[in-house]
Structure formats: structure tokens, C-alpha cells
Amino acid sequence: MAAASDRAGPGADPGAGDSSLRLRRPPSADAGDLPGDSSSGQRESGEPHPPPPNPQQQQQHEMLYFRASAPAHRRVKESPLSSDAIFRQSHAGLLNLCIVVLVAVNSRLIIENLMKYGLLIRAGFWFSARSLGDWPLLMCCLTLPIFPLVAFMAEKLIRRKLIGEHVVILLHIIITTSVIVYPVVVILKCDSAVLSGFVLMFLASIMWMKLVSYAHTNYDIRVLSKSTEKGAAYGNYVDPENMKDPTINSLVYFMLAPTLCYQPTYPRTACIRKGWVIRQLVKCIVFTGLMGFIIEQYINPIVKNSKHPLKGNFLNAIERVLKLSVPTLYVWLCMFYCFFHLWLNILAEILCFGDREFYKDWWNAKTVEEYWRMWNMPVHKWIIRHIYFPCMRKGLPRGVAILISFLVSAVFHEICVAVPCHIFKFWAFFGIMFQIPLVFLTRYLQDKFKNIMVGNMIFWFFFSILGQPIFVLLYYHDVMNRQAQASR
């Protein structure tokens, strides 16, 4: 007994007659943890960690701590999957299980699909010899850099005071309008492949936003420079590094950089990791091929065997939408990973662009509003900087500023989709504007249930189950109808 008492140390009750049987809770034991565990009372009190025990001491502690007379239940604890504790636990193992199950299930589906239908991939829907040899689209794409050069010349003229402020504003309006109208006219005049037209409109839209930012930022720099010359103080809000005159080098870097917001200088990294860039390029090629395989092998056959969702049987439309929800979600996730993670990071690495927050954890969004704030950070920053806060500074209510922001987004979504498809049914426009009531609905439901899981599930339901499959069916049938009428 005496020997056991000597070994017990701080774990034994010094006032007990039989210290080997009557144990009190060691200071380091927290809710069933072993003595000496990192979740000790010393850490909670802010004291330094004790030195870790050697294996022999640890074994002696365990022998005493887990005696039959020692209490096994020491405090109130929640189950790991209970609603109060589920988000405090690590779910890495469950994530690995989901990945294994997804790989197994989808591998079986791929093999079954190939055995039943064969390889259905065809290039005609994406590219055609006619569209690749269509010189107007190619020339339009190659001549787009003319517009930034004209914008730079306008800024140089205003800096040298050769033209007035109103004239340079008018020039920028003409330049930014032309950079959108020009490719729209070319695409509508040429019966090109859908993907070729989409790429051209995508590049033109990016250039439009960059030129708007370029003009707006330089205008604001001129206003701030005049105000500071008159003695106005802006404190830390004015960075001298970002008050420089525009140069051709800063313009070229901005037009190539993975950002839509112009500033004379950007945070830069020290070097280019060539091996890392090659690995990301390989990933980008693999996931792009995976997207094409899913579209050709799964999505195209499903939509071919469906009817227009607004004209056919309602139950059949629901069945097609649900059947499309999984492959369209896979394609969207692959697209997001390829563009926002791989391609933008590759571009940032090559250009040593430092700020690489191209997205946030939008998959944890509790409301539609949170999703739009987090999934596309370059566009979000552009809208906040050049639309939302300028509207607020003009005295417009917050709701009106949000409405204008969604309106601009809806117009460009419609242009980027409708123009390459040669149809104007405004499905994309109404789809984006429908996000406004969804913002208020999901916010209300989130406030009502006060549960992060409810809000996140509602977001995923509207995002993947309803939204994307419906618009795929709408645009596919409208495009097919147009091509059928054109071939008559």
C-alpha cells in the first residue's frame, strides 16, 4: 500500500487512509482525458505546460487513473454528432469516407454508361472547322487590346491638361461601350460555335470591367490629388504608392493580372515556382477534360431525351431536373476549381501577383447573400468598389444600391449566355434578378431557425437542385429549336 501511495503522487488523496483505492480527480484530467493531456487545467489557467511524462510515468498514471474505484464519468458532455457539438469536431474521416464512396459510385456509373452507350464525345458542339476558320471572331479577339491603349491615351491627355474632365469621361464611356458592342455585333453576324462565342464574350466582359475600373480609379486619384492640394486631410485612406500617374507598364500588368480592380501598384511575391505552375497546369487540363466528359457523356443525353421544362409534363420536367442536378453540379464544381483556383493562381504565380483571395469558403454559406459575397471575389470587389459604394455615396438607399448591383450582374450574365447562343429569352437575366427575393427568403429562414445547417442546406438546394438544371434545360431546348428552324 505504501508503495502505491508513493507512486500516486498528486493523483492520490493525502488525507485518505487507503490512497490506492480512494483517488481524487487529477488536476490535469479533463472530462476523461488522461493525466498530463494537453487539455489540462494548467493550460486553462494560463500557466505554462508541464514537461511531458516519460512512457513509464504515463503508464503508472494510467494504472492509477483507471482503477475500478476511479470515477469514469466526471462531467456533462455532448455526443460528437449532437447539434451543439457537431461543428466543434473534426470531420476529416467522414470527408475521406465521402470521397471513397463518391469515387466508387461514380466509377460504377461511368463503366455502366460506357457499356450501355459507348463513348459519346463529339467535338462539333464545342468547336467546328467553320468556327475555327471564322476570321471575324479571331480578329475581334486580337483587336480587343486596342481599347485599353485608347483609354491610356485619354488618361495621358487629361494628365497633360490637353482635354477637360468632361471630355475624358465621354471618351471612357465610348471606349467601354465599344468594347462590349463590338464583339456582340461580330458574334451575331457570324454563326459560330457556342463555346467560341462564349469565350469571346467572356473576355470582352472582363475587359469592360477592367476599363471601367481603370477610368473610375484614375478619376478618383485626380479628385483626391486636387483635394489634398487644397489642404484636405484623408489620413490613412490615401496611399501615396497608389496615387501615381498611370503608365503603360501598370496598364499592361493590370490587363494581364487576375484582378478586375485597377491600382498603380499591387502586392508582389518574390519569385515564380516553375514546378508548381506545371503541376497546376496538368491539373487544369485533367479537370477540363473531366468537365467535357461529364457534359458529353451524361448531360447531353439527358437533355436530348427531355422536353422543354415549360411546355412538357410537369412530373417529367421535375424528373429531368433532378436527374441533371448531380452532373451539372459536378461540372460547376470542376469549372470553379479549374478557373478560380487553378487558372487564376497560375496567372498570379507567373505575374508574381500577391493577393490571391479569389474566393472564400462559399460552400459554407448560410444564405444566398453570403454565397454571392464569397464565391467570386474579383467580381465582388469590383461591384463593391465601382457600383455599390458609389451609389451609397450618392445618397441612394442600401436596397437601391443592391438592386443596381444585381441589375448590372444580370445584364452581363444575359449577354455572356444569350449572345453566343443567338437567343434572347432573358432566362439568365431573370435568374440573377430572382436572387434578390432569395436573399431575403434565405436570410429570414436563417434568422428563424438560428441553425447554420438549415441555412446551408437551403442554399445548396436552390443552388444545385433547382437553379442550374432548369437553366441548362431552358437554354438547350431554345438553342436546338433555333438551329432546327435555321436548317429548314
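No lab work stands behind these numbers, since they all come straight from the coordinates. Note that the structure is predicted; figures quoted are calculated from it, not measured. Every residue, glycine as well, gets a Cβ built from its backbone with ideal geometry; the counts of neighbours run over all protein chains shown.
Derived scalar couplings between HN and Hα for region 356-363 equal 10, 7, 7, 7, 10, 7, 5, 5 Hz in order, rounded to whole Hz, by the Karplus curve 6.51 cos²θ - 1.76 cosθ + 1.60 (θ = phi - 60°), x for Gly and Pro.
Rounded to the nearest 20, the Cβ-based charge dipole of region 338-452 about its Cα centre (Lys and Arg +1, Asp and Glu -1) stands at 420 debye.
With the charge dipole of region 251-378 set up from +1 on Lys and Arg Cβ and -1 on Asp and Glu Cβ about the Cα centre, the Cα lying farthest toward the positive end among the listed residues 272, 286, 339 is that of 286. Between residue 269 and residue 392, the modelled labels are 3.2 nm apart [label points 7 Å from Cα along Cα→Cβ].
Amide H contacts under 5 Å for residue 353: 269, restricted to partners 5 or more places along the chain or on a different chain, H placed in the peptide plane at 1.01 Å from N.
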